[in-house]
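Some notes on the structure that comes next.
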Amino acid sequence: MGTLIGHVAPGAGFLLIGLWQLFNHIRLFVLRPSYYAAPLWFPARGVRHLELILIIVGTSASILMELVIGPAKHQPFDDDGTIPSDHLHNFEHASVSLALLAFAAVTIHMDRVRAPMRDAVSQLAAAAAFAQELLVFHLHSTDHMGVEGQFHWLLQTVIAVTLATTLLGIPYPRSFVVSLVRSASLVLQGVWLIVMGVMLWTPGLVSKGCFLNHEDGHDVVQCRTDEALHRAKALVNLQFSWYLTGTMVFVVVLYLQVSRLYPEEPQYLPLVKGRHAGGRFSIGDDREDDDDEEDLEATKRGYGHVVSGGTKPMEVER
């Protein structure tokens with residue numbers, strides 16, 4: 001990071017994964033709202049772990065870019081083997097990528113070996129990665145007190161939402177709202193990272209009264225006066241507000257479109273009713289209204305009543 005491509009590339013990755021998750025969660029919910037249970041990742045046809053493999057590939061490329069390709073010496077260490085101050089942010093960004101890589105690798109392994117409680121453990125691994133991302137951006141070694149700091153502070157609010165909804169997904173796996181907000185926050189993370197890269201490292205888009213200054217090995221936006229700095233920060237707040245509103249509208253439109261493309265599948269409630277007659281069950285015998293209501297309620301709860309004359313109803317799990 002610290003450059004245009006350093007923000008746009010990971011932003012595109014978050015955006016791609018967020019859109020994939022958003023579409024699939026909505027599709028899964030509208031098809032079977034009564035049986036919805038949110039997975040942390042979605043298998044792809046042909047390559048089951050494609051989503052997780054893309055995360056591994058993207059994070060590996062990010063680590064290489066930060067520690068090998070980006071530095072002038074193609075290695076991040078000083079001559080005495082220590083980490084120079086102008087490369088601390090490279091290690092911080094690489095640490096976030098490493099946490100996401102570890103999450104994807106652990107999730108693939110647990111799915112292959114069919115480990116017990118693998119979904120909950122994967123959720124915890126994802127939460128740990130987002131917690132590390134939030135911690136790194138909050139305690140960043142780079143001076144983020146100016147315009148860049150305002151971009152990063154707003155980014156932290158989105159990461160906090162992603163972390164919170166990831167943790168909430170453990171006790172509430174059937175909550176569509178939790179999954180929807182988590183997916184939307186991933187989309188907004190991607191969008192905001194792309195906006196940061198474009199707005200902070202495109203000279204023509206730097207706020208009036210500010211300029212790009214080369215410091216500690218990368219360009220930083222500096223403002224000539226306090227008034228110019230306050231104005232630049234206010235513009236950042238406005239942009240975040242607009243992109244937040246745009247993301248919300250996009251999610252609603254996508255939900256409506258997916259609902260039209262994938263109508264709810266019909267849910268059949270099998271009722272097996274009858275009295276014992278000659279060793280056979282008959283279907284559709286007249287029963288008292290209260291017995292019918294009991295059958296219907298039991299079926300809604302996932303059970304069918306098989307009734308035999310002179311015996312108590314027997315619940316058969318579907």
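The values are calculated or read from the model by the stated rules, or taken from the named source; none is laboratory data. Here the structure is a predicted model, which means the values were calculated and not measured. Positions of Cβ are backbone-derived with ideal geometry, glycine not excepted, and every protein chain shown enters the neighbour counts.
Could you go through region 128-149 and let me know if any residue there is within 26 Å of residue 213 (Cβ to Cβ), touching a Lys or Arg at 6+ places or on another chain (Cβ under 9 Å), touching a residue at least 40 places away in the same chain (Cβ under 8 Å) and not aromatic (Phe, Trp, Tyr).
Yes, because at least one residue in region 128-149 is within 26 Å of residue 213 (Cβ to Cβ), touching a Lys or Arg at 6+ places or on another chain (Cβ under 9 Å), touching a residue at least 40 places away in the same chain (Cβ under 8 Å) and not aromatic (Phe, Trp, Tyr).
Could you say whether any residue in region 12-35 is closer than 20 Å to residue 136 by Cα, among the small types (Gly, Ala, Ser) and part of a loop (DSSP other than H, G, I, E, B)?
So far as region 12-35 goes, no, none of its residues is closer than 20 Å to residue 136 by Cα, among the small types (Gly, Ala, Ser) and part of a loop (DSSP other than H, G, I, E, B).
Confirm whether residue 238 is aliphatic (A, V, I, L, M), over 30 Å from residue 70 (Cβ atoms) and either surrounded by fewer than 17 Cβ atoms within 10 Å (Cβ to Cβ) or more than 18 Å from the chain's Cα centre (by Cα) (or both).
Here the answer is yes, as residue 238 does meet what is asked.
Yes or no, residue by residue, for (1) at pLDDT 95 or above; (2) out of contact with any Ser or Thr (no Cβ under 6 Å at 6 or more places or on another chain); (3) buried (at least 18 other Cβ atoms within 10 Å of the Cβ); (4) part of a loop (DSSP other than H, G, I, E, B):
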position: 104; (1), (2), (3), (4): yes, yes, yes, no
position: 116; (1), (2), (3), (4): no, yes, no, yes
position: 125; (1), (2), (3), (4): yes, yes, yes, no
position: 150; (1), (2), (3), (4): no, yes, yes, no
position: 157; (1), (2), (3), (4): yes, yes, no, no
position: 166; (1), (2), (3), (4): yes, yes, yes, no
position: 178; (1), (2), (3), (4): yes, no, yes, no
position: 197; (1), (2), (3), (4): no, yes, yes, no
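Just to be sure I understand the filter: pairs with C-beta atoms under 8 Å, separated by 6 or more residues or on different chains, first member in region 56-75 and touching a residue at least 60 places away in the same chain (Cβ under 8 Å), second member of a type in the set (A, V, I, L, M, F, W, C). Which pairs pass?
Matching pairs, first to second residue: 66/1; 66/91; 66/94.
Does residue 252 count as crowded, with 18+ Cβ neighbours inside 10 Å and assigned to a helix (DSSP H, G or I)?
In short, no.
Do you know which of the residues in region 208-243 that are of a type in the set (S, T, N, Q) and in contact (Cβ under 8 Å) with a residue 24 or more places away in the chain is nearest to residue 84 (Cα to Cα)?
Only one residue fits best here, namely 222.
From 237, 213, which residue is under 26 Å from residue 90 (Cβ atoms) and polar (S, T, N, Q)?
Among 237, 213, only 213 is under 26 Å from residue 90 (Cβ atoms) and polar (S, T, N, Q).
Looking at region 41-98 only, could you name the residues that are of a type in the set (S, T, N, Q) and either more than 29 Å from the chain's Cα centre (by Cα) or crowded, with 19+ Cβ neighbours inside 10 Å (or both)?
Across region 41-98, the qualifying residues are 59, 62, 75, 82, 85, 90, 97.
Scan region 248-271 and give yes if some residue there is at pLDDT below 90 and touching a Phe, Trp or Tyr at 6+ places or on another chain (Cβ under 9 Å), otherwise no.
yes
Give region 30-73 a look and list any residue that's of a type in the set (D, E, K, R) and within 24 Å of residue 170 (Cβ to Cβ), or say none.
Passing the criteria: 32, 48, 51.
Considering each of 158, 147 in turn, give the residue that is in contact with a Cys (Cβ under 8 Å, 6 or more places away or on another chain), among the aliphatic types (A, V, I, L, M) and in the same structural domain as residue 25 (by TED's automatic domain parsing).
Only one candidate passes the filter, namely 147.
Report, ordered by the first and then the second residue, all pairs with beta carbons closer than 7 Å, sequence separation of six or more or different chains, a first member in region 81-106 that is outside the structural domain of residue 215 (by TED's automatic domain parsing) and farther than 13 Å from residue 71 by Cα, and a second member that is at pLDDT 90 or above and crowded, with 16+ Cβ neighbours inside 10 Å.
Note: no pairs meet the criteria.
Checking the condition over 30 Å from residue 177 (Cβ atoms) and of a type in the set (Ser, Thr, Tyr), which residue from 207, 241 passes?
After ruling out the rest, the residue left standing is 207.
Just give me the residues in region 8-40 being crowded, with 18+ Cβ neighbours inside 10 Å, closer than 17 Å to residue 176 by Cβ, under 17 Å from the mean Cα position of the chain (by Cα) and touching a residue at least 60 places away in the same chain (Cβ under 8 Å), in sequence order.
Within region 8-40, 18, 21, 22, 25, 26, 29, 38, 40 meet the criteria.
State whether the residues of region 38-61 include one that is farther than 27 Å from residue 167 by Cα, in a loop (DSSP other than H, G, I, E, B) and among the small types (Gly, Ala, Ser).
yes
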